[in-house]
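Participant: Once you've had a glance at the structure underneath, I'll fire off some questions.
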Amino acid sequence: MTFKERLGKELLFFDGAMGTALQDKGLTAGELPELWNITQEEIIFGIHEAYLKSGCDILKTNTFGANRLKLQDTEYPVSHIISAAVKIAKKAVQENSGEAYVAFDLGPTGKLLAPFGDLDFEAAYEIFSEMVIAGTKSGADIILIETMSDLYEIKAALLAAKENSNLPVIVTFTLDDAGKLLTGGDILTAVCLIESLGADALGLNCGLGPNQMKKLLPELTRYCSLPIAINPNAGVPTILNGKTVFDVGPDRFAGDMAELGAGGAHVIGGCCGTTPAHIAKMIQKCRGIVVKPPIIKSLTAVSSYSKTVAFGDGTVIIGERLNPTGKPRMKQALRENDMEYLYNEGLEQINNGATILDVNVGLPGIDEPAVLQYAVTGLQSITDTPLQIDTADTKAMERALRLYNGKPLLNSVCGKEESLHTVLPLVKKYGAAVVGLTLDENGIPETAQGRIEIAEKIIKAAERYGIHKKDIIIDTLTMTISTGQENAKTTLDAMDYIRNSLGVHTVLGVSNVSFGLPEREHINASFFTQAMSRGLSAGIVNPLSSAMMNAYYACQALSGVDINCSRYVEKFALKSSPSIKKPVTEMSLFDAIVSGLREKAGVCAHDLVQEISPLEVINRHLVPALDEVGRGFEQNLVFLPQLLMSAEAAKAAFESIKLHMLRQGGVQEKKGKIILATVKGDIHDIGKNIIKVLLENYNFNVIDLGKNVEPTLIVETALKEKVTLIGLSALMTTTVVNMEETIRILREMVPGCKVMVGGAVLTQEYADKIGADFYSKDAMGSVHYAEKVFTH
Amino acid sequence: MKIQQKEILRYLGYGGKPADSAVLERIDAIKKELEACLTPKSVYGKWSCEVNADGTVAIGNFIIKSRTLADHIKDCEYVILLAATLGAEADTRIRRYSVTNIGKAAITQAVCTAMIESYCDDLECRIAGEQEGLYLKSRFSPGYGDFSITHQKDILNFLECGKRIGITLTDNFMMIPEKSVTAVIGLSKKQDGHKGKCGDCGNLQCEFRKEQAYDF
């Protein structure tokens, strides 16, 4: 029988630790264990043989760190090391009964993926692909992705395995004693992602001993539909006189492993600290255990890198506001690449109760694949709220699905043949859940029955692509009642049937129902209430609308989902319902900014701009206030937190001015274009972000290229946008060299541009040495220099 | 863990001057928020070491060429290698506030820095309690004096920080999560009482240098 045929039906046994055995044989700390496949072949062979003799079914190859990053300083290519390692394991199997499988072992890169770290997702994918190809070609039977603590890295490795090999794939990850991944995810989130990307088994290894893993197993079996693999350490490691030691001996290990085997695990073995004696005892103790077959679960869930939203209990609130349709300010932000505006809109929706954010950046003339990618990865770097990727552009769709960190929700597929056959393969490949719209080549059916039929068609087509119906969420499409009074009922009847008779989750965008009517919120909230009472799984709504959210909280309380009405009480007790704040007119804009009062500054600017021109507001009120605070800062009377509170207040004032200009159809003239970037290799950017806010306050047009920026991107942007002032920041001695290099290239390619620099390790002397035009010693320095550059 | 208010203000550039009540209130709120959401983690271990006259320190086959470190731990036969981190959530919050409210970001950044230092101070106390007849020198981190920052890599490897507490390095030897510390702590038979955390550092121009550091 093949491994796949046996997996999940009988208890299978992995071997134990490789690293621990190597250290016993003299491997020193810091030495690369994978080189021993070449230099100490017989030792590796001996370790495999000892495990085979202890009775294991699966050997792990000595390839945990055989990736190009770790091997880069050696003379051996990745494929060479891997083929040697697989060969040794296969030889050991052949010479000992010939009945064990060889699992090609693949560990983490050792780097953190962007945007948190500096390894791009696609670079990680390439690293893993190279390994997978070599492992498969060398004749391994299984791919084991192990000791993973970052779900994003698991995604890169799993995609690499699935796209470059047909071998069965097992993924095991490492949890801390609180049952969390080091990047914050929990078991449910890990299970969701790993299952959706098509692994054949999943589970835990390393980090913890068998006793702790025993406590985590019930949670795994609760959510997991796949066979479960468990490779614990021989206890929790401690370092004693320079040596890592483990406290669980073979007998105790075997006892705990037997409980794991009886409790729902299907493949068991050992990680760090385990020896052939542990494995032999384990197998002796576990022979004869009948495994519990894995049970297919039907939980509908989507996730971010650390948080899962499950459908079923109550209604999920999907924030609708990240969408330019009918929103001039959002359109402007997208056209100006002002992602900060988008991020703030996203975070505000989360603060007001959104549990998923819909992200749609579709706008004529925009590079949608690039902007969507930027928006999705950017949002994911500041929030763990799952996203709904909303686009009709297949290229944008694929790129966003691929780079999304977690199990994505895609909006949408519809009943058209073309849509089914382009979208569903992507849904399958990237393990997404998908919204299915009940429309097809003939448009939106007028009857509930017609929409139900399209829903059934989508569900069937998905099934043919291997997509379970739990991953489909049907939208029966809200139509406006002003054009047909039956419309609301039709939508709800179809939704009700699909949810309650087909057992498929449903979603509705709500606000369309009231189009063309006055006081639309009354209709919207009432329609939303009706939909929720008939089983709506998720609503795409505006969480900033108190009418909608009040309806939501009330419904959750009425349906009993909100246990003891505690959320309702928390929301409304002691609080009068939020009303629009009356403008505070007693305080001037100048005072509001100087005092760092954000809301007041926004209101003051809003009032002021009705009376005098925007430019006057800026020049006569806003800038003088900032100057006042800036002077105080330079005289050591005002300190950084106050300076920045004032800057935030000025920013709020600017936002009011911008909104006013948009309504008037004008665009605010700005003073001059400035590029800001944290240099290549440097990922600390708070200094740069502070400068950005201040320069924008002074009405400069800042092009923020972010952190870890390639010199070529700075050059290209400077040339394309005709920028004459560039601000660079670097925080470390190791990255100041990249600042020097960036300046050198700028001098060559963009003669005439000025460069100002700043950052903790810089001094005037150093700035001079690397050829900068200006060294900004503090936050205000760059403002003064910019003023100087653009006024002469 | 007691996060030092004085340190937070020092990182925010107050240089010993008092902060007004609005700022203090914000600091307090952020302290509470971070204490509730962050779980600092650490790994450490004890190794025997050789401090050589040529300015090298050997910890097994890990050789550090650093005159300042060698001087700092010159009479030590053992060292503690230590790594600690506030975890990824600290970075995420700083990033988030950089977008929503830069003032809050700056304060969060300062509180986090003070917090990881306090956490390491507490760890030192714990470590000191575990040593019999040996006293701790002040912790010495890659980047101090001529102790090259590239040694971050060795310390992280030695302690298996990637999989145990989730610290990784960028190509330029920056640690992620950003609020992380690695250090070498000498264990000496003599009790010397350290000068204060930054008192041994040669960077006299450092804007964050503590006043008492000048006292030598």
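Participant: In nm, give the distance between the simple-model label positions of A:VAL667 and A:GLN284, each being 7 Å from the Cα along the Cα-to-Cβ direction.
Facilitator: Result: 7.9 nm between the two label points.
Participant: So for segment A:580-669, averaging the separation of alpha carbon pairs under 8 Å that are six or more residues apart and normalising by length, what relative contact order in percent results? Can you show the working numbers first?
Facilitator: Working: 112 pairs, mean separation 35.2, N = 90.
Value for segment A:580-669: 39 percent.
Participant: Sticking with this structure for a sec: For chain B, take the longest principal axis of its alpha carbons; what is the angle in degrees between that and the long axis of helix B:21-37, to the nearest 10 within 0 to 90?
Facilitator: The angle comes out near 60 degrees.
Participant: How about A:LYS769: which lysines have a C-alpha closer than 16 Å to its C-alpha, ignoring those fewer than 8 places off in the same chain?
Facilitator: By straight Cα distance, A:LYS769 reaches A:LYS754, A:LYS777.
Participant: Mark the label point 7 Å from the Cα of B:ASP54 along Cα→Cβ and return the residues of segment B:141-159 whose backbone N is within less than 19 Å of it.
Facilitator: Of the residues in segment B:141-159, B:146-148 have backbone N under 19 Å from the label point off B:ASP54.
Participant: Using each residue's phi in segment A:114-127, evaluate 6.51 cos²θ - 1.76 cosθ + 1.60 at θ = phi - 60° and report the 3J(HN,Hα) Karplus result to the nearest Hz, with x for Gly and Pro.
Facilitator: Using θ = phi - 60°, the values come out as 5, x, 6, x, 10, 9, 5, 4, 5, 5, 5, 4, 4, 4 Hz.
Participant: Follow-up question, since we're still on this one. Against the longest alpha carbon principal axis of chain A, how many degrees, from 0 to 90 and to the nearest 10, is the axis of helix A:417-429 turned?
Facilitator: On a 0 to 90 degree scale, this one is about 60.
Participant: Okay, moving on. So for the pair A:ASP247, A:ALA370, with labels modelled 7 Å out along Cα→Cβ, what separation do we get in nm?
Facilitator: A separation of 5.7 nm, rounded to one decimal place.
Participant: Starting from the amide H of A:GLN388, placed 1.01 Å from N in the peptide plane, find each other amide H under 5 Å away whose residue is 5 or more places distant or on another chain.
Facilitator: Under 5 Å from the amide H of A:GLN388 lie the amide H atoms of A:LEU357, A:ASP358, A:VAL359, each far enough along the sequence or on another chain.
Participant: Additional query: Taking the mean number of other Cβ atoms within 10 Å as a proxy for protection, how do you rank A:647-654, A:302-309 from highest to lowest?
Facilitator: Ranked from most to least packed, the peptides come out as A:647-654, A:302-309.
Participant: While we're looking at this one, here's another question. Taking the 0 to 90 degree range and rounding to the nearest ten, how far is the long axis of helix A:151-164 tilted relative to the main principal axis of chain A, both from C-alpha atoms?
Facilitator: 60
Participant: Let me ask something else. With both bridge residues required to lie in chain A, what share of the DSSP beta bridges run antiparallel, to the nearest 5%?
Facilitator: Antiparallel bridges make up about 10 percent of those DSSP assigns within chain A.
Participant: For segment A:3-286, what does the relative contact order come out to in percent, with C-alpha contacts under 8 Å and a separation of six or more?
Facilitator: The value is 20 percent.
Participant: Looking only at other chains, what is the average number of their beta-carbon atoms within 10 angstrom of each beta-carbon in A:731-740? Intermediate results must be reported in sequence, preceding the final value.
Facilitator: Values: counts 3, 6, 5, 9, 5, 0, 1, 1, 0, 0.
So the per-residue partner count for this stretch is 3.
Participant: What is the local net charge at A:GLY415, summed over the other residues whose Cβ is closer than 13 Å to its Cβ (Lys, Arg +1; Asp, Glu -1)?
Facilitator: The answer is -3.
Participant: So if R0 is 35 Å, what FRET efficiency would A:ARG6 and A:PHE572 give, r being the distance between their Cβ atoms, rounded to the nearest 0.05?
Facilitator: Given R0 = 35 Å and the Cβ-Cβ separation, E is 0.05.
Participant: Further question: What is the spread of the Cα atoms of segment A:3-286 along each of their three principal axes, largest first, in whole Å?
Facilitator: Per principal axis, max minus min of the Cα coordinates gives 45, 44, 41 Å.
Participant: Please report the base-10 log of the normalised intensity I(q)/I(0) for chain A, using a Debye sum with one equal scatterer per alpha carbon and no solvent, at each q in 0.08, 0.11 (1/Å).
Facilitator: -0.82, -1.27
Participant: Another question, then. Which pairs, out of A:LYS688/B:LYS137; A:LYS416/A:LYS470; A:LYS25/A:LYS215, put more than 26 Å between their alpha-carbon atoms?
Facilitator: Among A:LYS688/B:LYS137; A:LYS416/A:LYS470; A:LYS25/A:LYS215, the Cα-Cα distance tops 26 Å for A:LYS688/B:LYS137; A:LYS25/A:LYS215.
Participant: So for each of B:63-72, A:134-143 I average, over its residues, the number of other beta carbons within 10 Å; can you give me the resulting order with the highest mean first?
Facilitator: Sorting B:63-72, A:134-143 by mean packing, highest first, produces A:134-143, B:63-72.
Participant: Classify segment B:5-191 from the C-alpha gyration tensor, please: rounded if a/c falls under 1.5, else prolate or oblate depending on whether a/b exceeds b/c.
Facilitator: prolate
Participant: Turning to a different aspect of this structure: Of the peptides A:741-750, A:613-622, A:702-711, how do they stack up when ordered by the mean number of other Cβ atoms within 10 Å, highest first?
Facilitator: So the order, starting with the most tightly packed, is A:702-711, A:613-622, A:741-750.
Participant: So which residue, out of B:ILE102, B:ILE116, B:ILE185, gets the largest mean-square fluctuation from a GNM of chain B using Cα contacts under 10 Å as springs?
Facilitator: Maximum among the listed residues: B:ILE102.
Participant: Please state the shape class of segment A:580-669: rounded when a/c is under 1.5, otherwise prolate if a/b exceeds b/c and oblate if not, all from the C-alpha gyration tensor.
Facilitator: prolate
Participant: From the phi of every residue in segment B:83-91, what ³J(HN,Hα) in whole Hz does the Karplus formula 6.51 cos²θ - 1.76 cosθ + 1.60 yield, where θ is phi - 60° and glycine or proline is x?
Facilitator: 9, 9, 8, 7, x, 5, 4, 4, 4
Participant: Could you work out how far the C-alpha centroid of segment A:757-780 sits from that of segment A:499-557, in angstrom?
Facilitator: Between the Cα centre of segment A:757-780 and that of segment A:499-557, the gap is 56 Å.
Participant: Using a 10 Å cut-off on Cβ to Cβ distances, tally the other chain neighbours for every residue of A:139-151 and report the average as a whole number.
Facilitator: Numbers: counts 0, 0, 0, 0, 0, 0, 0, 0, 2, 1, 6, 4, 0.
Partner Cβ neighbours, averaged per residue: 1.
Participant: What does the extension gain come out to for A:ARG747 and A:GLU453, with contour length at 0.36 nm per residue minus their alpha carbon separation? Let's see the in-between values first.
Facilitator: Values: separation 294, 0.36 × 294 = 105.84 nm, distance 6.50 nm.
Using 0.36 nm per residue and subtracting the Cα-Cα distance, I get 99.3 nm.
Participant: Relative contact order, percent, of segment A:60-107 when contacts are C-alpha pairs under 8 Å separated by at least 6 residues?
Facilitator: Working: 42 pairs, mean separation 27.6, N = 48.
Relative contact order for segment A:60-107 comes out at 58 percent.
Participant: Once you charge only the Cβ atoms, +1 for Lys and Arg and -1 for Asp and Glu, what is the size of the charge dipole of the protein assembly as shown about its Cα centre, to the nearest 20 debye?
Facilitator: For this selection, approximately 860 debye.
Participant: Show the residues, 5+ positions off or on another chain, whose built amide H is closer than 5 Å to the amide H of A:GLY16.
Facilitator: Hits under the 5 Å cutoff: A:GLY270.
Participant: Output ³J(HN,Hα) for segment A:266-272: one whole-Hz value per residue in order, computed from phi by the Karplus curve 6.51 cos²θ - 1.76 cosθ + 1.60 with θ = phi - 60°, and x for Gly and Pro.
Facilitator: With coefficients 6.51, -1.76 and 1.60, one gets 10, 10, 10, x, x, 10, 3 Hz.
Participant: Segment B:101-180 to segment B:41-95: how many Å between their Cα centroids?
Facilitator: Each part reduced to its Cα centre gives a spacing of 10 Å.
Participant: Just checking the output field for A:681-692: average partner chain Cβ neighbours within 10 Å of each residue's Cβ?
Facilitator: Other-chain Cβ atoms within 10 Å of each residue's Cβ, averaged: 4.
Participant: Then there is this: Label points 7 Å out from Cα along the Cβ direction at A:VAL761 and A:THR238: separation in nm?
Facilitator: 3.8
Participant: Let me ask you something else. Once the Cβ-Cβ distance between A:LYS489 and B:GLU25 is put in as r, and R0 is 60 Å, what FRET efficiency do you end up with, to the nearest 0.05?
Facilitator: 0.65
Participant: Follow-up. Could you pull out every residue, at least 5 positions away or on a different chain, whose amide H is within less than 5 Å of the one on A:GLY727? Hs are placed 1.01 Å off N in the peptide plane, and Pro or chain starts have none.
Facilitator: Hits under the 5 Å cutoff: A:ILE675, A:LEU676, A:ALA677, A:MET756.
Participant: Lys and Arg at +1, Asp and Glu at -1: add these up for the other residues within a Cβ distance under 10 Å of B:LYS189 and post the number.
Facilitator: The answer is -1.
Every read-out reported here was derived from the displayed coordinates using simple, explicitly stated rules and does not represent laboratory data. Predicted model, so just to flag it, every value in this text is computed and none were measured. Neighbour counts are summed over all protein chains in view; Cβ atoms, including those assigned to glycine, are modelled from backbone coordinates with ideal geometry.
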